[in-house]
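Engineer: Before we start, here is the structure in question, set down as structure tokens.
The values are calculated or read from the model by the stated rules, or taken from the named source; none is laboratory data. Keep in mind it's a predicted model, so treat the numbers as computed, not measured. A quick note on method: Cβ atoms are made from the backbone with ideal geometry, for glycine too, and the neighbour counts reach across all protein chains shown. Only protein heavy atoms, including side chains, enter the accessible area calculation; ligands, DNA and RNA are left aside. Shrake-Rupley method; radii C 1.70, N 1.55, O 1.52, S 1.80 Å.
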Amino acid sequence: MSGAYPELRRHLLEHSEKTGDFTLKSGKKSTWFIDSKQTVCRPEAMLLVADAVLSVIPDSATAIGGLTMGADPVAFVTAGVGATRGRLLKAFSVRKEVKDHGGGGRIAGALDSGDKVVITEDTVTRGTSLLEAAHAVQEAGAEVVLLVAVVDRGGTVDAMAAAEGLPFRAILTAPDLGFPFEGA
């Protein structure tokens, strides 16, 4: 078990861990679930999340975001806290579908062609949301420099990301929280 980020780990276990019978996005059944938004969206944990994410992102990064809803609180709290510390990151969301009115497109928020982007997510099992967001950002002309999840519950994202030439970091993993990986 990792000794990294002990306060964040404690908060996740206290507020985000759920046991019971769950059906994951993939359709797979599980006896445990991590609802990371219960941590990421609580004021006492926002700094813990932002500090952890800021500690792993490359200095070259200029923007942070990902697929709405899982990425939104992580991206926006990280960008906000980073700004108070002189670490300026634009924040954005990737819509699940192309918007056909207004400015259109899948990107909402501040993202420019040429940005060096961190794609984030609260919890990942397979990593498909991270990759979907990465592809949308690449189509927008930005470069993905890191995929990062607050919790990796699946253990398969690293290999899938590496197959596309993208680095992946998890702040905490299922084993860090006392659970087995439940990958694809």
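Engineer: Express the relative contact order of the chain as a whole percentage, based on alpha carbon pairs under 8 Å and six or more residues apart in sequence.
Structural biologist: Reported as a whole number, the value is 19 percent.
Engineer: Sticking with this one: May I ask you to compute the full-extension gain from A159 to R95, defined as 0.36 nm times their residue separation minus their alpha-carbon distance, rounded to one decimal in nm?
Structural biologist: 20.5 nm
Engineer: Something else now. Let's see if you can work this out: charge +1 on each Lys and Arg Cβ, -1 on each Asp and Glu Cβ, no other charges. What is the dipole magnitude of the chain about its Cα centre, in debye to the nearest 20?
Structural biologist: Its charge dipole is roughly 200 debye.
Engineer: State, as an integer percentage, the relative contact order of region 56-127 based on alpha-carbon contacts under 8 Å between residues 6 or more apart.
Structural biologist: Contact order relative to length: 41 percent.
Engineer: I've got another one for you. At 1.4 Å probe radius, can you tell me the per residue accessible area of region 27-82 in Å²?
Structural biologist: 37 Å²
Engineer: Report, in cubic angstrom per residue, the convex hull volume of the C-alpha atoms of the chain.
Structural biologist: Residue-normalised Cα hull volume stands at 118 Å³.
Engineer: Using just the helices of the chain, give the 222 nm mean residue ellipticity in deg cm²/dmol: DSSP H runs with n ≥ 4 each add -39,500 (n - 2.57), and the total is spread over all residues, rounded to 500.
Structural biologist: Theoretical 222 nm ellipticity from helices: -8500 deg cm²/dmol.
Engineer: On the protein heavy atoms, probe 1.4 angstrom, tell me the percent of accessible surface of region 1-157 carried by carbon and sulfur.
Structural biologist: The computed percentage sits at 54.
Engineer: Restricting to region 54-184, what percent of DSSP beta bridges are antiparallel, rounded to 5?
Structural biologist: If we restrict to bridges inside region 54-184, about 15 percent are antiparallel.
Engineer: While we're here: Taking a virtual spin label 7 Å from the Cα of L88 along the C-beta vector, which residues in region 18-62 bring their backbone nitrogen under 13 Å of it?
Structural biologist: 62, by backbone N distance to the label point.
Engineer: Could you tell me how many degrees, from 0 to 90 and to the nearest 10, lie between the Cα long axis of helix 128-139 and the main elongation axis, the longest principal axis, of the Cα atoms of the chain?
Structural biologist: Helix 128-139 sits at roughly 10 degrees to that axis.
Engineer: Using 1/(1 + (r/R0)^6) with R0 = 35 angstrom and r between the beta carbons of T19 and Q138, what's the FRET efficiency to the nearest 0.05?
Structural biologist: 0.40
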